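The values are calculated or read from the model by the stated rules, or taken from the named source; none is laboratory data. Since the structure is predicted, the reported quantities are computational estimates derived from the model, not experimental observations. All Cβ positions, even for glycine, are placed from backbone atoms using ideal geometry, and neighbour counts span all protein chains on display. To get the accessible areas, we keep the full protein, side chains included, count just its heavy atoms, and leave off ligands, DNA and RNA. Shrake-Rupley method; radii C 1.70, N 1.55, O 1.52, S 1.80 Å.
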Amino acid sequence: QLKSITIHDHFIHRPSSELLNAIKLKKVTYRSFRKALRMQKDNIPFCNNCKACELCRKLDQKWNRYKKQRNLVKKLAKKCKKDNIIKDLKAKSAVNDLKGIWKTIKMASNIRPSNNNVDDSNNSSLDPDKLNTHFSTIGEKIQADVPDHGAETYRDFLPDRGNLCSFSSFKEVTSSEIEGYIKALPPGKAVYDKVPLKIFKSILPNILEPLTHIVNLSLNSGIVPKFCKYAQVTPIHKGGSKDEEGNYRPISILPIL
């Protein structure tokens, strides 16, 4: 039987005009095949799927025509889905929508959150200081588990790229680049700043020049202002017991710059 075709409203499954025309033709070829099949059954016992008479030859032709169109629809559907994903990723990349990019990637990859061994209890006796200690020392613990390669350094494992990765100085950024970056930030983006993002964008024309100067001064001097080094770290529970610090992942909310 012919499966019913559902056209989803979601952008990933949004069909192109070429795909819609192919689906229509697929339905036509299937109806033609069903008509030929009924004609063959109506002629029994004169034709009992003999594969030699005119009716059987026409039935085979119509089935092959339908099968070819069905395979074309599957191919176009995959291409359409791929094109929609690429188009959506490019649009979100243009506005620096990182959360939207990851949402699209997970949706396209059919990644679903795992519910294995999840503790739905809202109560947790986890000590914040214990959690902070875990986050601040986990790097050293992971490093201690890395095998010792003697006098070798990480550079010994990298391919020889010559001078392709070397540079003598940073290229200074322009005011238009700073303006474009800040304007591309989503309105609801969380930032670790005393000045809300909405207000920051509204006063941007008045502070754009000194802001550009500060950024270029930081690049040229190699000194990062202290206010850029702070972040608000929030532990996000990823599953399992809420009393185990290893079941949390730190999410850092950074300043605008």
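Below are the figures for this structure:
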item	result
Cβ-derived FRET efficiency at R0 30 Å, Lys75 paired with Lys35, nearest 0.05	0.70
Cross-link reach list, aspartates and glutamates versus Lys78, counting only Cα pairs under 18 Å and skipping chain neighbours closer than eight places	Asp9, Glu18, Asp88
Set Lys99/Lys194; Lys171/Lys194; Lys130/Lys201; Lys130/Lys183 screened for pairs whose C-alpha atoms are more than 28 Å apart	Lys171/Lys194; Lys130/Lys201; Lys130/Lys183
J(HN,Hα) series, the range 229-242, from Karplus relation 6.51 cos²θ - 1.76 cosθ + 1.60, nearest Hz, glycine and proline x	9, 8, 8, 8, 9, 10, x, 10, 6, 9, x, x, 5, 7
Whole-Hz ³J(HN,Hα) from phi, Karplus 6.51 cos²θ - 1.76 cosθ + 1.60, for the range 26-31, glycine and proline x	4, 5, 5, 5, 5, 4
Gain in span if fully extended, Phe227 to Leu185, counting 0.36 nm per residue against the direct Cα distance	13.2 nm
Percent accessible area from carbon and sulfur atoms, the range 203-257, protein chains only, probe 1.4 Å	60 percent
Inter-label distance, nm, simple model (7 Å from Cα along the C-beta direction), Asn96/Leu254	1.0 nm
Linear extension gain, Ile236 paired with Asn216, 0.36 nm per residue minus alpha-carbon span	3.7 nm
Cβ crowding within 10 Å averaged over residues, with 17-30, 210-223 ranked highest first	17-30, 210-223
Too-long pairs where the Cα-Cα distance tops 21 Å, listed order kept, from Lys103/Lys189; Lys198/Lys226; Lys103/Lys242	Lys198/Lys226; Lys103/Lys242
Flagged links, alpha-carbon separation over 28 Å, of Lys41/Lys79; Lys24/Lys79; Lys79/Lys238; Lys90/Lys141	Lys41/Lys79; Lys79/Lys238; Lys90/Lys141
Förster radius 45 Å - calculated FRET efficiency between Ile105 and Glu54 (Cβ-Cβ, nearest 0.05)	0.25
